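The values are calculated or read from the model by the stated rules, or taken from the named source; none is laboratory data. All values derive from a computational prediction rather than experimental measurement. Backbone-built Cβ (ideal geometry, glycine too); neighbour counts: all protein chains shown. Just so you know, the surface numbers come from the protein's heavy atoms only, side chains and all, with ligands and any DNA or RNA stripped out. Shrake-Rupley method; radii C 1.70, N 1.55, O 1.52, S 1.80 Å.
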Amino acid sequence: HPAILATLYESPIFDMAEEIVGKGKLRKDGRPVPHFRFPTGRTDWKPASGGHLDGYYTPTNGVPEGTVDKFSLGTTLYLNHVEPRAGGFTLFPGTHRQAAAYFKTHALPSLKGGNANACDIFEMPEAVEVTGAPGTVCFWHGQLVHTGSQNFGKEIRMALISRLRRIDNDDILFESPDDIWEYYEGIE
């Protein structure tokens with residue numbers, strides 16, 4: 001829908017993403033996808049202990065089996081206020097470095113389903129749950145392990161998640177540069 005696309009392309013978000021990756025380096029075919037976390041009604045909240053990498057086949061995510069849909073930069077945009085323990089986008093700092101090290105000696109498809117919990121390559125750090133007001137945006141590296149926390153709040157957590165690819169994504173898909181920021185001109 002044009003209104004959903006506008007949240008990425010007619011707001012500062014896409015320009016900010018280009019500041020990170022490089023002006024004119026991103027495709028304009030990213031689609032913000034609505035993601036909802038419904039309240040659980042429970043009270044025994046625990047921080048997330050594991051997550052996943054996007055772009056890997058599972059029976060329900062639309063990624064074709066036998067392929068990897070690697071991307072450069074993810075964005076998560078909150079549409080409503082997200083309090084702590086209310087389904088916030090949750091990331092695991094430093095796991096993008098661990099993934100980069102792993103993929104220097106392993107094929108991209110070797111991480112079945114992108115599931116960081118089903119393998120022993122990640123030393124999972126403490127989870128960081130992103131909270132904030134409507135309009136809060138989190139930019140994240142395409143190889144960062146992430147998930148959504150359990151929603152023990154009273155409202156549905158509503159977010160739009162976009163996965164942005166470089167124009168030359170197909171050419172660099174299987175590269176694992178020594179510097180994980182090699183293709184991010186705004187990061188020094």
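Table: residues versus (1) in a strand (DSSP E or B); (2) acidic (D, E); (3) in contact with a His (Cβ under 7 Å, 6 or more places away or on another chain).
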residue: H35; (1), (2), (3): yes, no, no
residue: V63; (1), (2), (3): no, no, no
residue: T75; (1), (2), (3): yes, no, no
residue: H96; (1), (2), (3): no, no, yes
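In this entry, T131 passes the filter for residues that are touching an Asp or Glu at 6+ places or on another chain (Cβ under 8 Å), modelled with pLDDT of 95 or more and open to solvent by 40 Å² or more (accessible area, probe 1.4 Å). For region 98-117, does any single residue satisfy the condition of being more than 23 Å from N61 (Cα to Cα), in contact with a Phe, Trp or Tyr (Cβ under 6 Å, 6 or more places away or on another chain) and touching a residue at least 12 places away in the same chain (Cβ under 8 Å)? Scanning region 98-117, I find at least one residue that is more than 23 Å from N61 (Cα to Cα), in contact with a Phe, Trp or Tyr (Cβ under 6 Å, 6 or more places away or on another chain) and touching a residue at least 12 places away in the same chain (Cβ under 8 Å), so the answer is yes. The condition (being open to solvent by 20 Å² or more (accessible area, probe 1.4 Å) and either in contact with a strand residue (DSSP E or B) (Cβ under 7 Å, 6 or more places away or on another chain) or more than 19 Å from T147 (Cα to Cα) (or both)) is satisfied by just one residue among K25, K70: K25. Considering (1) in a loop (DSSP other than H, G, I, E, B); (2) under 21 Å from L77 (Cα atoms), the lone condition that T147 does not fulfil carries the number (1). Looking at region 14-28, is at least one residue at pLDDT below 95 and closer than 17 Å to C138 by Cα? No, that holds for no residue. When every residue of region 100-115 is checked against the conditions, at least one turns out to be open to solvent by 30 Å² or more (accessible area, probe 1.4 Å), β-branched (V, I, T), touching a Ser or Thr at 6+ places or on another chain (Cβ under 9 Å) and modelled with pLDDT under 90. Residues of region 28-45 that are open to solvent by 70 Å² or more (accessible area, probe 1.4 Å) and either touching a Phe, Trp or Tyr at 6+ places or on another chain (Cβ under 8 Å) or within 20 Å of V128 (Cβ to Cβ) (or both): K28, R37, R42, T43.
Just one of (1) crowded, with 19+ Cβ neighbours inside 10 Å; (2) over 14 Å from I180 (Cβ atoms); (3) out of contact with any Pro (no Cβ under 6 Å at 6 or more places or on another chain) fails for Q143. It is (2). Just one of (1) among the hydroxyl-bearing types (S, T, Y); (2) surrounded by fewer than 16 Cβ atoms within 10 Å (Cβ to Cβ); (3) closer than 27 Å to G153 by Cβ fails for T76. It is (2).
What are the residues in region 79-92 that are open to solvent by 60 Å² or more (accessible area, probe 1.4 Å) and not aliphatic (A, V, I, L, M), if any? Listed by number, the residues that qualify are H81, E83, P84, R85.
Just a yes or no: is a residue in region 162-171 surrounded by 15 or more Cβ atoms within 10 Å (Cβ to Cβ) and small (G, A, S)? Yes, because at least one residue in region 162-171 is surrounded by 15 or more Cβ atoms within 10 Å (Cβ to Cβ) and small (G, A, S). One residue stands out in region 46-58 among those that are open to solvent by 20 Å² or more (accessible area, probe 1.4 Å) and out of contact with any Gly (no Cβ under 9 Å at 6 or more places or on another chain): the one that is modelled with the lowest pLDDT, namely S49. Considering region 1-21, and only residues there that are of a type in the set (G, A, S) and more than 30 Å from I121 (Cα to Cα), the residue that is surrounded by the most Cβ atoms within 10 Å (Cβ to Cβ) turns out to be S11.
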